[in-house]
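The structure appears below as structure tokens.
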Amino acid sequence: MSENSPKPLPGNTVTRYLIEQLRRHPKRVVFTEGEDIRVIEAAARLVAVEAVAPILLGNRERIRALAEKHSVSLKFVHIIDPPKSTDFALFCQRVENMARYRTLQLGAAAEIVARPHYYGALMVQYGQADALVGGNQALPAAYFRALLHTIKPLPNVPKIFGVTILTGSHLKHMGGSEILFLADCGLNPNPDVAELSAIAIETGKLAHHFLGRKAFVAMLSHSTKGSANTPDARRMAAAAAMAQAEVMQQFLEISIEGELQADVALDPAAAEVKLPGADARPAADVLVFPNLDAAHISLKLLQHVAGAQNYGQLILGLSRPAAQVPRTASVETIFGTAAAIAVEAIKYHQLYPDGDE
């Protein structure tokens with residue numbers, strides 16, 4: 001290899017792809033809880049691979065002390081302490097205007113803007129950052145509340161929802177590209193037919209953007225194509241039919257099928273047995289679960305028993321890119337989640353080059 005040859009990118013299938021995209025289109029990602037050594041280390045890695053310009057929210061002295069203690073470089077990492085920032089008064093005024101417009105009783109504007117979750121969401125909403133990552137030191141409800149109060153929702157998505165990306169080269173049947181997209185793993189306990197349809201379509205769009213090809217979506221159930229005539233199975237079949245009609249109307253590069261058992265969705269051999277005579281189908285890239293219990297339990301089993309690497313969850317249904325990481329997130333999860341939501345920001349800037357919604 002010559003000295004001028006590009007160095008091979010580190011990481012797995014997911015992160016290598018993300019870094020490649022971001023090196024061509026670097027983005028600014030704000031981390032709402034910067035006083036966390038995991039976030040500091042992830043930010044340093046993002047700088048090292050020239051993928052993201054990180055912005056850490058928190059006390060400048062504490063962040064610097066943490067980085068020094070653990071010998072982590074803060075070169076090209078921007079730190080903002082919200083109450084001391086130059087935009088604090090401007091954001092306070094915008095929150096006051098937002099509260100009057102939406103008739104929300106949020107409390108004193110200065111108190112709200114001082115909270116890193118709100119400050120970070122305001123940065124993204126008003127174009128001072130391209131994407132948002134938070135939740136590593138907070139309860140999910142507090143983080144989601146800030147997103148819902150600050151970032152405008154998409155009109156075509158009934159409720160915001162979460163998508164987790166999984167990868168693992170040691171695992172069998174991990175989608176068509178060693179990547180699986182799971183939805184909804186964190187927000188809606190029992191989505192109805194319309195909500196499930198929107199989850200399938202929006203997650204399919206996400207997968208299509210990431211994979212660069214037609215995305216295959218499976219609406220999961222304990223039933224395959226009417227093998228069990230239960231209300232939940234019928235709900236998934238109805239959601240699949242609704243989503244299929246919308247995909248055709250919008251001419252989307254997405255295939256949606258359901259209701260399907262998980263083995264039929266992922267294992268072509270199982271599909272041949274349970275659907276004799278059916279056309280051969282590729283393994284699903286996207287798994288849409290019937291409820292939050294099924295999704296969350298499946299995610300945790302895949303992580304902690306099977307050893308799958310998780311990124312996210314990416315929050316879909318908002319007009320700006322945002323992601324939530326759990327309090328137990330590893331540095332790798334935070335790093336990959338930030339890269340993933342930054343790649344989503346590329347799509348946003350392609351759709352809305354002037355920042356319009």
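Checking the conditions here, which among A270, A323, A295, A283 is among the small types (G, A, S), surrounded by 13 or more Cβ atoms within 10 Å (Cβ to Cβ), on the phi < 0 side of the Ramachandran plot and in the same structural domain as A44 (by TED's automatic domain parsing)? Can you show your working first?
Values: A270 fails: in the same structural domain as A44 (by TED's automatic domain parsing); A295 fails: in the same structural domain as A44 (by TED's automatic domain parsing); A283 fails: in the same structural domain as A44 (by TED's automatic domain parsing).
Of the residues listed, the single one that is among the small types (G, A, S), surrounded by 13 or more Cβ atoms within 10 Å (Cβ to Cβ), on the phi < 0 side of the Ramachandran plot and in the same structural domain as A44 (by TED's automatic domain parsing) is A323.
Taking the condition surrounded by 15 or more Cβ atoms within 10 Å (Cβ to Cβ), over 16 Å from M219 (Cα atoms) and within 15 Å of the chain's Cα centre (by Cα), does L302 pass? Don't jump to the end; show me each part of the working.
On the way: surrounded by 15 or more Cβ atoms within 10 Å (Cβ to Cβ): yes; over 16 Å from M219 (Cα atoms): yes; within 15 Å of the chain's Cα centre (by Cα): no.
When the stated conditions are applied, L302 does not pass them.
What is the number of the single condition among (1) in contact with a His (Cβ under 9 Å, 6 or more places away or on another chain); (2) under 16 Å from P191 (Cα atoms); (3) not in a helix (DSSP H, G or I) that A283 does not meet?
It is condition (2) that A283 fails.
Within the stretch 122-137, can one find any residue that is β-branched (V, I, T), at pLDDT below 95 and in a helix (DSSP H, G or I)?
We begin by selecting, within the stretch 122-137, every residue β-branched (V, I, T); these are 124, 133.
With at pLDDT below 95 added as a condition, the list becomes none.
Scanning the stretch 122-137, I find no residue that is β-branched (V, I, T), at pLDDT below 95 and in a helix (DSSP H, G or I), so the answer is no.
Could you list, ordered by first residue, the pairs with Cβ atoms under 9 Å in which the first is in the stretch 339-357 and under 16 Å from L206 (Cα atoms) and the second is modelled with pLDDT under 60 and not acidic (D, E), at least 6 apart or interchain?
Sorted first by the residue in the stretch 339-357, then by its partner, the pairs are H349/G355.
Between L18, L9, which is out of contact with any Pro (no Cβ under 6 Å at 6 or more places or on another chain), at pLDDT below 90 and aliphatic (A, V, I, L, M)?
Numbers: L18 fails: at pLDDT below 90.
Within the list L18, L9, the selection yields L9.
Which is among the aliphatic types (A, V, I, L, M), modelled with pLDDT of 95 or more and touching a His at 6+ places or on another chain (Cβ under 6 Å), of I80, I37, I63? Before you say what the answer is, go through the steps one by one.
Details: I80 fails: touching a His at 6+ places or on another chain (Cβ under 6 Å); I63 fails: touching a His at 6+ places or on another chain (Cβ under 6 Å).
That would be I37, the only listed residue that is among the aliphatic types (A, V, I, L, M), modelled with pLDDT of 95 or more and touching a His at 6+ places or on another chain (Cβ under 6 Å).
From the list P158, P191, which one is touching a strand residue (DSSP E or B) at 6+ places or on another chain (Cβ under 8 Å) and assigned to a loop (DSSP other than H, G, I, E, B)?
None of the other options fit; the residue is P191.
Let's see how each residue does on (1) in contact with a Gly (Cβ under 9 Å, 6 or more places away or on another chain); (2) within 14 Å of F289 (Cα to Cα):
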| site | (1), (2) |
| --- | --- |
| P153 | yes, no |
| F161 | yes, yes |
| L166 | yes, no |
| A198 | yes, yes |
| T203 | no, yes |
| G212 | no, no |
| V217 | yes, yes |
| A233 | yes, yes |
| V247 | yes, no |
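The values are calculated or read from the model by the stated rules, or taken from the named source; none is laboratory data. None of the values given here were measured: they were computed from a predicted structure. Here Cβ is always computed from backbone atoms with ideal geometry, including for glycine, and neighbour counts include all displayed protein chains.
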